[in-house]
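What follows is a set of notes on a single structure, which appears directly below.
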Amino acid sequence: MTPGHCLVIPKRHVRDIFELGDEDAARVMLACREVATMLKEKLEPLGINLLNNNGSAADQSQFHFHVHLVPRYGRDRLLHPWERSHGNPEQIRAIAEVLRGERELPRSE
């Protein structure tokens, strides 16, 4: 994607984040921090994206959990996979209530 693009991959095979155990999750994040620090010190990017896709609908193409570390230099042509927009406050509030267990997710019949 950009010079210095790295992957952090757990040694134990898991398909996605939903199969990743707590210990492996902690190790992956520590490794991401170490690699990000090395990239920052050695390549001096302006920023770094950490990216992970889970499931086909989220563009996962390799079904072994991994995290991309993508250095950003301000002159690359990478695009965000989403459009930036302001959320609907009512929808945000409703989703927060579902996540807190205060209401059920509305289901279409």
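Every read-out reported here was derived from the displayed coordinates using simple, explicitly stated rules and does not represent laboratory data. Remember, it's a predicted structure, so these values are computed and weren't measured experimentally. In this analysis, Cβ positions are derived from the backbone assuming ideal geometry, glycine residues included, and neighbour counts consider all displayed protein chains.
So here's what we get for this one:
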| read-out | value |
| --- | --- |
| Cα long-axis angle, helix 22-43 against the chain (0 to 90 degrees, to the nearest 10) | 50 degrees |
| Magnitude of the charge dipole, region 6-79, Cβ model with Lys/Arg +1 and Asp/Glu -1, debye to 20 | 260 debye |
| Semi-axis lengths (Å, descending) of the ellipsoid that matches the C-alpha gyration tensor of region 6-79 | 23, 16, 7 |
| Among Leu99, Leu39, Leu51: highest mean-square fluctuation, GNM of the chain, C-alpha pairs under 10 Å | Leu99 |
| Mean separation of Cα contacts under 8 Å, 6 or more apart, over the residue count of the chain: relative contact order % | 33 percent |
| Between helix 89-99 and the chain: long-axis angle, C-alpha atoms, 0 to 90°, nearest 10 | 90 degrees |
